[in-house]
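Here is the structure we will look at.
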Amino acid sequence: MAILTIAGVATAVSAFAFYRRWHLRWGATTAEHAGAMPGDDILSSATFTATRALTIEAPAECVWPWIVQVGYNRAGFYSYDRLDNLGRPSATTIDPRLQCIEVGDVAAPMASRATAATSFRVHSFDPGRCLVWAKPDATWSWRLDPIDDGRRTRLVSRLKASYRPTPSLPLTVALMELADFPMMRRMLLGIRERAERLAGDDPACSRQRLEDT
């Protein structure tokens, strides 16, 4: 019995290690996974670093607006709305009211009352190229790399977090190590779906919108 228990634990640990290695770099090339991202220097030490990426059949101008308007009581997270947006459907259109951002703005709020613990703030950005959100124990950065002369976009996202020794640490670890990836994967796919639809509806992707913001 003891041998079976040990074997079971060893199998579970090995499976988790494999899963963790896979999801921490889902879709990312070796260069993207190992390379620098905007905002890397904000968090001196990170326990959790996940770099995910995908290719979008649309120019960066069609991708950027969807990222800018992310958040609860904003456009949602384009993921599993019943879990991360209290059942409210994520936006399927661009909201001009949410396109103007400034450093220090609350970004991607996670709850109805945005606090330093639950919501990121805009740390830095280059319209159409990169965006960095930060809070005391985490950073979330986005980079849009044009490919094929700008006709397509490589979207790279990196989430970094430091685990703090607090009573909520077990829950934090469970959310980051197990729940983060399914939500993030669906979010990236949701952004791709919307950006490609926008590119099909409007090949120019409202380039003037970026100039206005």
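The values are calculated or read from the model by the stated rules, or taken from the named source; none is laboratory data. Keep in mind that what you see is a predicted model, and the values were worked out from it rather than measured. We place every Cβ from the backbone using ideal geometry, glycine too, and count neighbours over all the protein chains shown. We work out accessible area using only protein heavy atoms, side chains counted, and drop any ligands, DNA or RNA first. Shrake-Rupley method; radii C 1.70, N 1.55, O 1.52, S 1.80 Å.
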>> Using a Gaussian network model on the chain with a 10 Å cutoff between Cα atoms, which of Trp26, Trp66, Trp133 fluctuates the most?
In response: Trp26
>> Under a Cβ-only charge scheme (Lys and Arg +1, Asp and Glu -1), can you give me the dipole magnitude of the chain about the Cα centre, in debye to the nearest 20?
In response: 580
>> Cut-off 10 angstrom, C-alpha nodes, Gaussian network model of the chain. Which of Tyr19, Tyr78, Tyr163 fluctuates the most?
In response: Tyr19
>> Taking the 0 to 90 degree range and rounding to the nearest ten, how far is the long axis of helix 2-23 tilted relative to the main principal axis of the chain, both from C-alpha atoms?
In response: 20
> For the chain, which whole percent of the accessible surface, found with a 1.4 angstrom probe, sits on carbon and sulfur atoms?
Replying inline: 59
>> Could you tell me what a quarter of the Cα convex hull surface of the stretch 13-103 works out to, in nm² with one decimal place?
In response: 8.6
>> If a paramagnetic tag sat 7 Å from the Cα of Leu175 along the Cα-Cβ line, which residues of the stretch 79-99 would have the backbone N under 13 Å from that point?
In response: 84-85
> Just Leu43, Leu175, Leu24 to compare: in a GNM of the chain, with alpha carbon springs under 10 Å, which one fluctuates most?
Replying inline: Leu175
> How much FRET efficiency would the formula 1/(1 + (r/R0)^6) give for Asp149 and Asp105, where r is the Cβ-Cβ distance and R0 is 25 Å, rounded to 0.05?
Replying inline: 0.20
>> Suppose only helical runs count, i.e. DSSP H with n ≥ 4. What mean residue ellipticity at 222 nm does that imply for the chain under -39500 (n - 2.57) per run, divided by all residues and rounded to the nearest 500 deg cm²/dmol?
In response: -10500 deg cm²/dmol
> Taking only the alpha carbons of the stretch 70-112, what extent do you get along each of the three principal axes, in Å, biggest first?
Replying inline: 29, 21, 14
> Can you give the Rg and Dmax of the chain based on its C-alpha atoms, in angstrom?
Replying inline: 18.2, 68
> Over the stretch 79-165, with a single point scatterer placed on each C-alpha, what log10 of the ratio I(q)/I(0) does the Debye formula yield at q = 0.15, 0.19, 0.21 1/Å?
Replying inline: -0.71, -1.10, -1.25
> Could you give the angle, 0 to 90 degrees to the nearest 10, between helix 180-201's Cα long axis and the longest principal axis of the Cα atoms of the chain?
Replying inline: 20
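Find the accessible area per residue for the stretch 101-153; the probe is 1.4 Å, ligands and nucleic acids are left out, and the unit is Å².
On the way: 2620 Å² over 53 residues.
Ligands and nucleic acids excluded, the result is 49 Å² per residue.
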> Can you list the trypsin sites (Lys or Arg not before Pro) in the stretch 90-183 that are in a DSSP coil and have 13 or fewer other beta carbons within 10 angstrom?
Replying inline: Arg113, Arg151
> Going 7 Å from the Cα of Leu98 in the Cα-to-Cβ direction, what parts of the stretch 178-197 have a backbone nitrogen less than 19 Å from that spot?
Replying inline: 183-197
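Mind checking the full-extension length gain between Ala31 and Asp126? Use 0.36 nm per residue of separation minus the Cα-Cα distance, one decimal, nm.
Details: separation 95, 0.36 × 95 = 34.20 nm, distance 2.16 nm.
Once the chain is fully extended between Ala31 and Asp126, it gains 32.0 nm.
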> Between Thr115 and Leu189, 0.36 nm times their residue separation minus their Cα-Cα distance comes to what?
Replying inline: 23.9 nm
